[in-house]
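Peer 1: Questions regarding the structure given below will be posed in turn.
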Amino acid sequence: MGSLRRGVSKPITDIFTSDTDIDRRNLSRTVPMKVLCLGMGRTGTASLRSALKQLGFEDTYHMMSASVENPPDCLLWSDALAAKYDNTGRSFGKDKWDALLGHCQAVCDWPAASFASELVAAYPDAKVVLTTRDVDTWFKSTKATVDRRAQDRFLKALSYVDWASSMYYPMLRKYWDSVFMGDFDKNAKRVFLSHNERVRSLVHPDRLLEFRMSDGWEPLCKFLDCPIPAGPFPHVNEGDSFIKRVSRRNRLQLCNVLFRWSTWVLSCWILYTLTRGWRTT
């Protein structure tokens with residue numbers, strides 16, 4: 001489904017969402033990559049993104065960068081997933097990472113976290129942050145949020161008729177099925193623990209910070225050589241707010257679709273009325 005949308009611009013009738021329509025395929029890096037936050041999603045990555053923004057890092061890539069901010073990025077992520085998991089023979093090298101992430105000084109969350117080896121190789125000078133939490137708590141949180149989103153039948157239906165969903169949903173499904181081998185309930189905890197061990201093995205301890213959101217500003221700022229900001233460490237995208245946000249997103253995308261269809265019907269009616277009038281004169 002995602003491939004059907006390659007080269008298709010955002011409809012002018014998509015007035016209920018503020019997504020951008022940037023094709024990054026031929027772009028290049030404009031700022032240095034400084035921080036790779038490679039903990040899996042639902043480990044506080046949205047809070048970390050907010051924290052890095054406060055610390056002055058120029059944009060941090062997060063799943064929301066593709067899902068709600070610039071959906072065409074999903075097509076590049078789909079290419080990266082195919083290169084990693086499908087043995088297509090097509091590489092996704094540094095030039096493509098620079099195209100996709102070149103406007104960012106940091107990355108976090110899915111899908112980037114599952115390309116830990118590739119990103120560490122592409123950006124050997126970047127510092128690495130591994131966000132962690134108790135595996136059982138992580139499983140419960142992820143099951144109630146992102147896994148639920150990946151199974152969202154309404155989102156699946158939207159993907160056939162909505163511009164943004166047509167790129168996001170296939171990428172999300174491909175990602176979920178690939179990383180958790182088609183069975184989140186069975187494999188998730190093992191994948192989570194092995195992922196963390198893999199990240200630990202990729203870099204020297206001097207370049208790695210293991211971080212929990214409860215740690216607050218001090219260890220993060222010390223690791224990144226940044227002054228500690230005034231105010232508390234941010235905490236965003238909790239489970240309840242995640243569900244509310246994606247439900248609202250579904251409604252707004254449906255409004256886009258209904259508005260597009262209504263303008264098409266109205267245009268046909270006007271054209272019919274005009275041509276009928278011409279025939280009677």
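Where a number appears in this text, it was derived from the coordinates with a stated rule and is not lab data. Please read these numbers as outputs of a predicted model, since none were measured by experiment. Cβ sites come from the backbone with ideal geometry, for glycine too, and all protein chains shown count toward neighbours.
Peer 1: Pick from His235, His204, His195: which is most flexible by mean-square fluctuation in a GNM of the chain where alpha carbon atoms under 10 Å apart are linked?
Peer 2: Comparing His235, His204, His195 in the GNM, the peak value goes to His204.
Peer 1: Something else about it: Quick one: grab Rg to one decimal and Dmax as a whole number for segment 21-160, Cα atoms only, in Å.
Peer 2: According to the Cα coordinates of segment 21-160, Rg and Dmax are 15.1, 43 Å.
Peer 1: Taking the Cα centre of the chain as the origin and placing charges on Cβ (Lys, Arg +1; Asp, Glu -1), which of Val31, Phe233, Ser166 is farthest toward the positive end of the dipole?
Peer 2: Positive-end residue among those listed: Ser166.
Peer 1: Test of understanding: ordering Ser28, Ser166 by Cβ neighbours within 10 Å, fewest first, what list do you get?
Peer 2: In order of increasing Cβ crowding within 10 Å: Ser28, Ser166.
Peer 1: Which of the trypsin sites (Lys or Arg not before Pro) found in segment 1-81 are loop residues per DSSP with 15 or fewer other Cβ atoms within 10 Å of their Cβ?
Peer 2: Answer in residue order: Arg6, Arg25.
Peer 1: How far, in degrees from 0 to 90, does helix 73-85 lean away from the longest principal axis of the Cα atoms of the chain, to the nearest 10?
Peer 2: In the chain, helix 73-85 runs at an angle near 60 degrees to the longest axis.
Peer 1: Mind pulling the angle between the C-alpha long axis of helix 239-279 and the longest principal axis of the chain? Nearest 10 degrees, somewhere in 0 to 90.
Peer 2: Compared with the principal axis, the helix lies near 20 degrees.
Peer 1: Go ahead and estimate [θ] at 222 nm for the chain from helices alone: -39,500 (n - 2.57) per DSSP H run with n ≥ 4, summed, over the residue count, rounded to 500.
Peer 2: -16500 deg cm²/dmol
Peer 1: I've got another one for you. Take the Cα radius of gyration of the chain and divide it by 2.2 N^0.38 Å, with N its residue count; two decimals is plenty.
Peer 2: Expressed relative to 2.2 N^0.38 Å, the Cα Rg reads 1.12.
Peer 1: What are the residues whose amide H is under 5 Å from the amide H of Thr131, where those residues sit 5 or more places off or on another chain and H is modelled from the backbone?
Peer 2: Sorted by chain and number, the residues that satisfy this are Leu38, Gly39, Phe211.
Peer 1: May I ask for the angle, rounded to the nearest 10°, between helix 184-202 and the longest principal axis of the chain, with both axes built from Cα atoms and the value confined to 0 to 90°?
Peer 2: Once rounded, the angle reads 50 degrees.
Peer 1: Also, I was wondering about something else. For segment 108-166, which chymotrypsin sites (Phe, Trp or Tyr not before Pro) pass both filters: DSSP loop (anything but H, G, I, E, B) and at most 14 other C-beta atoms within 10 Å?
Peer 2: Of the chymotrypsin sites (Phe, Trp or Tyr not before Pro), the ones in loops of segment 108-166 whose Cβ has at most 14 other Cβ atoms within 10 Å are Tyr160.
Peer 1: Please list 61-69, 123-131 highest first by mean number of surrounding beta-carbon atoms within 10 Å per residue.
Peer 2: In decreasing order of mean packing, 61-69, 123-131 become 61-69, 123-131.
Peer 1: While we're here: Starting from the amide H of Tyr61, placed 1.01 Å from N in the peptide plane, find each other amide H under 5 Å away whose residue is 5 or more places distant or on another chain.
Peer 2: Ala106, Val107, Cys108
Peer 1: Once Lys and Arg get +1 and Asp and Glu get -1 on their Cβ, which of Gln151, Pro219, Tyr123 lies farthest toward the positive end of the dipole of segment 2-279?
Peer 2: Toward the positive end, the furthest listed residue is Gln151.
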